[in-house]
Amino acid sequence: MARDPQVGPAHPLGAHADSLCSLIDEAKIVPDGTWHAIEGALSGGRMDGLPEAFALAVSTPDPPAGRFYEIHKRAPGLEDWHTRHVTLEEAVAAGGGVPRER
């Protein structure tokens, strides 16, 4: 993603292409300006056939605040996002978590 040279790396300008996939790691700490750039880029998919503009935002849970939380809460204007909560049991079964002590 391009950066605005006037204000530095905290203010991305976005990207546009026929095919675009944005991967957002630690989405719970991504600033609003970055979310705006990413979501603006999602509008640039192809006009013929299915647009190929996707975003995958992943993060661990944290206090209920910010865009990542709002997406999962299905806040107005964010209904187009599809959410998926991965349980601890699913993570353990996939080899990526530590089972709980019982």
Residue in segment 19-36 that is nearest to the chain's Cα centre (by Cα), counting only those that are open to solvent by less than 20 Å² (accessible area, probe 1.4 Å) and more than 12 Å from Gly66 (Cα to Cα) = Ile24
Hey, does segment 10-23 have a residue that's of a type outside the set (S, T, N, Q) and modelled with pLDDT of 90 or more?
-> yes
Among the residues of segment 47-89 satisfying the criterion of being at pLDDT 90 or above, open to solvent by 70 Å² or more (accessible area, probe 1.4 Å) and part of a helix (DSSP H, G or I), which is nearest to Val30 (Cα to Cα)?
-> Tyr69
So, first residue in contact (Cβ under 8 Å) with a residue 12 or more places away in the chain in segment 52-65, second residue of a type in the set (A, V, I, L, M, F, W, C) and open to solvent by 60 Å² or more (accessible area, probe 1.4 Å), Cβ within less than 7 Å, six or more apart or across chains; the pairs are Phe54/Cys21; Leu56/Leu23
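The values are calculated or read from the model by the stated rules, or taken from the named source; none is laboratory data. Since we're looking at a predicted model, the values are computed, not measured. Counting neighbours? That spans all protein chains shown, and the Cβs are built from the backbone with ideal geometry, glycine included. Note: accessible area is taken over every heavy atom of the protein model, side chains too, but ligands, DNA and RNA are not part of it. Shrake-Rupley method; radii C 1.70, N 1.55, O 1.52, S 1.80 Å.
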